[in-house]
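Have a look at the structure below, then the notes.
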There are 2 protein chains.
Amino acid sequence: MIRVILLGGGNLASHLATAFFKSSKIELVQIYNRTLSNIKEKENLVPITDSLEELLDAHIYVIATSDDAIEKLANKIKSKNGLVVHTSGAIDQSVLQNERKGVFYPLQSFTKGVKVSFENIPFCIETDKDDEFILLETLAKALSNKVYPMDSTQRKKLHTAAVFVNNFVNYMYSIGEDICEENRIPFEVLYPLIQETANKIQNLSPKEAQTGPAKRKDKKTLALHKKELNTEQKIIYQLLSEAISNNR
Amino acid sequence: MIRVILLGGGNLASHLATAFFKSSKIELVQIYNRTLSNIKEKENLVPITDSLEELLDAHIYVIATSDDAIEKLANKIKSKNGLVVHTSGAIDQSVLQNERKGVFYPLQSFTKGVKVSFENIPFCIETDKDDEFILLETLAKALSNKVYPMDSTQRKKLHTAAVFVNNFVNYMYSIGEDICEENRIPFEVLYPLIQETANKIQNLSPKEAQTGPAKRKDKKTLALHKKELNTEQKIIYQLLSEAISNNR
């Protein structure tokens with residue numbers, strides 16, 4: 001069994017704690033958080049602490065805090081022999097100044113209270129040395145079927161790509177909802193189209209799947225649509241339509 | 001049984017033909033298309049023709065052509081007594097100058113060769129008179145569980161909203177794919193996130209579901225991300241981030 005200590009009390013830490021605890025291949029030794037109340041609910045499952053001096057020994061220390069807190073916290077556990085990994089998409093591995101270090105990044109958007117099945121969540125992992133990689137890979141594979149080796153440069157690029165396919169896509173949904181609400185149309189009318197759009201690209205490259213008036217350079221419909229939109233929507237419509245028309 | 005004649009030989013017409021043919025509540029009487037070769041494959045199922053003079057009688061004539069062809073074609077069948085409907089999201093009902101007219105708009109993105117189950121595809125329908133509405137509603141309900149009455153103004157707004165949640169969302173996927181390819185990251189790493197983003201808003205409004213650095217006004221990450229992007233990506237990143245930061 002891999003002995004793991006988890007550091008952090010937020011959303012991701014909470015989901016990871018449950019998954020570590022459930023896995024037969026992992027022994028979740030301890031959870032640390034600066035504020036004890038945030039991890040109080042885990043107390044029945046595993047020893048918790050708010051003191052780094054009480055930190056036990058483990059094979060892997062998983063830091064699942066906010067990006068800003070990673071470096072400082074990692075520095076404070078430099079005396080530990082285990083592999084110290086962070087879970088951030090945006091932070092370079094090199095901010096960890098620990099002897100043995102790595103990255104253990106699950107690519108998903110976690111919502112508090114919404115159950116997570118890690119099985120299908122991609123884990124992007126990175127270490128300096130081969131034996132550390134094997135250890136971290138074993139941990140990742142205990143949770144997920146999808147484990148990808150990825151260096152810090154790639155991971156940062158991936159994190160940026162994730163903003164487009166998650167945050168910006170959700171904003172497009174949001175504009176769709178606004179238009180529906182303003183016109184007393186139930187937003188649920190768009191659910192099947194949203195679902196199909198997401199499904200389609202698992203069989204077809206998004207470039208091949210691109211349709212619509214901008215792709216067809218259908219100026220008549222583009223002009224008609226623009227008349228229906230408010231100023232901010234129009235600016236976004238214009239920019240994205242031009243990008244689609246020009247590039248594809 | 002509702003007697004239906006289908007006019008058109010494109011993508012949507014082909015999918016509708018199959019669905020009409022399969023339904024026990026619908027008798028697909030005939031398919032018309034200007035070019036016979038496009039509907040040749042339906043010949044075994046139902047009589048086909050390329051001559052409007054040979055058009056038979058039916059309760060409903062469904063025009064499933066390109067937007068530009070609707071008005072002209074509808075005018076040519078003005079002598080018919082049946083209800084004449086078009087299937088376009090963008091075209092006003094009033095372009096039909098037929099005695100009995102309506103709109104029968106299935107909101108989905110159809111791909112040639114990809115099987116369609118109409119069951120869950122929303123049909124937005126419109127007629128002038130109540131008895132015509134009942135007839136058209138019966139046709140729609142024979143194919144789908146999701147039938148919405150919607151006037152031409154609402155339908156045009158919905159069509160615009162569909163561009164955001166389908167065409168523009170797909171373009172976001174496309175940028176995600178570009179970033180992955182440029183950095184030798186398999187695009188499939190993003191599939192689960194894409195799926196979760198689409199699933200989430202069926203339980204949570206997109207406004208509530210919005211996350212990310214722009215939403216958090218996390219200037220450090222926004223600046224980091226911009227450094228990773230090419231010029232065109234950066235312009236889109238900047239505009240959408242500003243919109244998210246300002247409005248939500």
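The values are calculated or read from the model by the stated rules, or taken from the named source; none is laboratory data. Computed from a predicted structure; not experimentally measured. Using ideal geometry, Cβ is built from the backbone for each residue, glycine included, and neighbour counts are taken over all protein chains shown. Ligands, DNA and RNA are stripped out before the accessible areas are found, and what is left, the full protein with its side chains, is counted by its heavy atoms. Shrake-Rupley method; radii C 1.70, N 1.55, O 1.52, S 1.80 Å.
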message: What's the total number of residues in the stretch B:141-160 that are at the interface with another protein chain (Cβ under 7 Å from one of its Cβ atoms) and within 14 Å of B:Gln108 (Cβ to Cβ)?
response: 2
statement: Of the residues in the stretch A:78-104 that are in contact with a Ser or Thr (Cβ under 6 Å, 6 or more places away or on another chain) and part of a loop (DSSP other than H, G, I, E, B), the one that is farthest from A:Leu55 (Cα to Cα) is A:Ala90
message: Give all pairs with beta carbons closer than 8 Å in which a residue from the stretch A:33-45 that is touching a residue at least 12 places away in the same chain (Cβ under 8 Å) meets a residue that is among the β-branched types (Val, Ile, Thr) and open to solvent by less than 100 Å² (accessible area, probe 1.4 Å); count only pairs at least 6 apart in sequence or on separate chains.
response: A:Asn33/A:Ile39; A:Asn33/A:Ile48; A:Leu36/A:Ile48; A:Leu36/A:Thr49; A:Ile39/A:Ile31; A:Ile39/A:Ile48; A:Lys42/A:Ile31; A:Lys42/A:Ile48
task: Could you give me the residue pairs with C-beta distances under 7 Å whose first residue belongs to the stretch B:84-113 and is of a type in the set (Asp, Glu), whose second residue is open to solvent by less than 20 Å² (accessible area, probe 1.4 Å) wherever it lies, and which are 6+ apart or on separate chains?
output: B:Asp92/B:Ser152
- request: Scan the stretch A:175-199 residue by residue and report those that are surrounded by 19 or more Cβ atoms within 10 Å (Cβ to Cβ), in contact with a helix residue (DSSP H, G or I) (Cβ under 6 Å, 6 or more places away or on another chain) and facing chain B (nearest Cβ under 7 Å).
  value: A:Ile175, A:Gly176, A:Glu177, A:Ile179, A:Cys180, A:Ile185, A:Leu190, A:Pro192, A:Leu193, A:Ile194, A:Thr197, A:Ala198
task: Please enumerate the residues belonging to the stretch A:64-83 that are touching a residue at least 40 places away in the same chain (Cβ under 8 Å) and open to solvent by 60 Å² or more (accessible area, probe 1.4 Å).
output: A:Ser66
task: Pull up the stretch B:220-234, narrow it to residues that are modelled with pLDDT of 90 or more, open to solvent by 30 Å² or more (accessible area, probe 1.4 Å) and more than 7 Å from chain A (Cβ to nearest Cβ), then point me to the one that is nearest to A:Cys180 (Cα to Cα).
output: B:Lys234
- prompt: How about the stretch A:112-129: which of its residues are among the acidic types (Asp, Glu) and either farther than 17 Å from A:Ser94 by Cα or open to solvent by less than 30 Å² (accessible area, probe 1.4 Å) (or both)?
  reply: A:Glu119, A:Glu126
Yes/no for A:Val29 being surrounded by 13 or more Cβ atoms within 10 Å (Cβ to Cβ), part of a strand (DSSP E or B) and under 23 Å from the mean Cα position of the chain (by Cα): no
message: Which count do you get for residues in the stretch B:132-160 that are within 20 Å of B:Glu119 (Cβ to Cβ) and open to solvent by 50 Å² or more (accessible area, probe 1.4 Å)?
response: 6
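Looking at A:Lys207, A:Lys217, can you tell me which residue is more than 8 Å from chain B (Cβ to nearest Cβ), in contact with a helix residue (DSSP H, G or I) (Cβ under 9 Å, 6 or more places away or on another chain) and surrounded by fewer than 17 Cβ atoms within 10 Å (Cβ to Cβ)? Can you show your working first?
Numbers: A:Lys207 fails: more than 8 Å from chain B (Cβ to nearest Cβ).
A:Lys217 is the lone residue from the list that is more than 8 Å from chain B (Cβ to nearest Cβ), in contact with a helix residue (DSSP H, G or I) (Cβ under 9 Å, 6 or more places away or on another chain) and surrounded by fewer than 17 Cβ atoms within 10 Å (Cβ to Cβ).
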- request: Consider only pairs whose beta carbons are under 6 Å apart and that are at least six residues apart or on different chains; among these, list those whose first residue lies in the stretch B:187-207 and is hydroxyl-bearing (Ser, Thr, Tyr) and whose second residue is open to solvent by 10 Å² or more (accessible area, probe 1.4 Å) and assigned to a helix (DSSP H, G or I).
  value: B:Thr197/A:Asn166
